Each structure stands twice: as C-alpha cells, then as structure tokens.
Amino acid sequence: MMKQKDTAAILVCAGNATRMGGIHKILHPLGETTVLHQVLRSFCKCESIAGLVVICRRQDIDEFRRSIAEIEPELGCPVTVTAGGDTRQQSVQNGIIALPFPVEYAAIHDGARPLIRPADIEHVIADARISGAATLGVPVKDTIKLVRGGIIKETPERALLWQTQTPQVFRLSLYRQAMQLAAEQGKDYTDDCQLMEALGVPVTMTEGAYSNLKLTTPDDFAVAEALLRQYEEDETND
C-alpha cells in the first residue's frame, strides 16, 4: 500500500563550516557522490516525502542549484532552494515559508547528516503522525557528568539520557504555533524540539542509528567514508 506523501523534508545547510577549515561540507565529496547528493537520495527514497526544501547561505544558492540539477531527474521529487537566516531557527522558518506544496508535516534534518537511513526517516514520520512531534535519537553510551566550575555536581541516570539527532518531524500547524510563541517571547532555539517543549507539546523519541553521525570536523569524513563503504557492501551482498 502506497504511503501518503504528507511530509516535506527541510534540509538545513546554511552553516559557515568554521570547524571544517572553510570547506563547505554539504557540497564536499563523499564516496562516489557528495554529502548533499547522499542526503537528497535518502529522503527521496521515502514514500512519505512529497518534496524537499534545501536551506543554504544566500551566496551559495547558485552553487547548490547547480549541484542539485546534476541529479534532480533521478530523484523523483521536487527540490526547492532558499536562503537561510542568521540563526538555525530563522533558517528553518525561511524553509517553512518557502514550501511550494501543501503538506501536513515537516521533517527538519541537518544536511551534514548524510548517512540517514530511509527506514529511520519513515519510522520517525510514523511516530510524528501519532503524537504530532517526534525526533530520531540514540541512547547515550557514556556516563554523563554535570560540571560547574570544573567540579562534578551531578551524575544523571544514564538510562534516561538520549543523544538527539535529526530528522525532527512536526505537524506543521503545531510548528507554526511554536514559532509564533518563540517570536513573542524573543526566544531563539538551537534545537527544533525546544520549540515544541516551550509550547508544551510532548515530543516522541524514536530510536535511530549511531551511524547517523553529523559531519562537524574533517576527521568525521573518514568515519563517514568507512560507514558508507560498509553500507554499499551490505547492499551488494543482499
């Protein structure tokens, strides 16, 4: 049975890459493709995705459009490019405003997470359809300490701690309410789930994969390359 195409993917790619030595990590090669192409292909494999909005810096728009045009015919879903804002929250808001097609949900994803699995995208969307808000994440592996002034103050119970990932999926009507509340309160959040938390909307934690890493430093590319090779070998063997 065909799933309903009720979700738009909002890809946040507007960072300055300060920890990448000036390299634009989203357009950087990864395996036989690029980070951007890898992410686009993963989302377009999902039956729930009606299309994508890619958010980048204004000065990068032409380069992003050229890169997307290279593979757009094979994607099978529309891709729109728009300029980001000064902060993540403003960038996502620009992406929501730029939506060229009607959808009920938005799946907000870090463009620097190229190894997201289509099955995990579908899983978190399914959870958001039930609760209105859901995010991918994984249980933390390490013991976490709360530290103030260089002194350990508390050790939170590890079983309760999760590392939040993306995509984070929200019913658009709720997300718009949350953006309005944040604007009224003068708040600017770095995590989209915080918008829902401020609105009082419970967010479902959907378990994802540790391989859904975020490319932050050049060393992360070596890990991503190894994981990508493993994925390709697994697909060949299947």
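What pairs from Lys45/Lys214; Lys25/Lys45; Lys153/Lys187 go past 26 Å between their alpha carbons? Walk me through the numbers on the way to the answer.
Details: Lys45/Lys214 20 Å; Lys25/Lys45 22 Å; Lys153/Lys187 28 Å.
Table pairs above 26 Å Cα-Cα are Lys153/Lys187.
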* Go ahead and estimate [θ] at 222 nm for the chain from helices alone: -39,500 (n - 2.57) per DSSP H run with n ≥ 4, summed, over the residue count, rounded to 500. => -11500 deg cm²/dmol
* **For region 82-123 and region 197-230, distance of Cα centres in Å** => 15
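Just want the ordering: Phe170, Phe101, Phe64, from fewest to most Cβ atoms lying within 10 Å of their own Cβ.
Numbers: Phe170 29, Phe101 12, Phe64 23.
If I rank by nearby Cβ atoms, fewest first, I get Phe101, Phe64, Phe170.
Among Ile26, Ile97, which comes first, second and so on when ranked by fewest other beta-carbon atoms within 10 Å? Display every interim value, and only then the final one.
Numbers: Ile26 29, Ile97 10.
Least to most surrounded, the residues fall as Ile97, Ile26.
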* To do: Evaluate E = 1/(1 + (r/R0)^6) for Gln163 and Glu232, where r is the Cβ-Cβ distance and R0 equals 25 Å; express this FRET efficiency to the nearest 0.05.
  => 0.45
* Over all directions, average the projected area of the Cα convex hull of region 28-110 and note it in nm². => 5.6
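Explain nothing, just the number: relative contact order of region 29-124, from Cα pairs under 8 Å at least 6 residues apart, as a whole percent. Don't skip to the answer; put the middle values down first.
Values: 101 pairs, mean separation 35.6, N = 96.
Answer for region 29-124 is 37 percent.
Could you grab the relative contact order for the chain? Cα pairs under 8 Å, six or more apart, rounded to a whole percent.
Numbers: 419 pairs, mean separation 53.3, N = 238.
In percent, rounded to a whole number, it is 22.
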* What are the aspartates and glutamates whose alpha-carbon lies under 16 Å from the alpha-carbon of Lys141, with same-chain residues fewer than 8 places away excluded? -> Glu157, Glu207
* Using only Cα positions of region 118-238, each an equal point scatterer, no hydration layer, compute I(q)/I(0) via Debye at q = 0.13, 0.20 Å⁻¹ and quote the log10 values to two decimals. => -0.72, -1.17
* Could you put Leu161, Leu215 in order, starting from the residue whose Cβ has the fewest other Cβ atoms within 10 Å? -> Leu161, Leu215
* Asked: Which GluC sites (Glu not before Pro) in region 148-238 pass both tests, a DSSP loop state and at most 16 other beta-carbon atoms within 10 Å?
  -> Glu157
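Each reported figure results from applying straightforward, stated rules to the coordinates on display, with no laboratory input. Every value quoted in this text rests on a predicted model; they were computed, and no experiment measured them. Backbone-built Cβ (ideal geometry, glycine too); neighbour counts: all protein chains shown.
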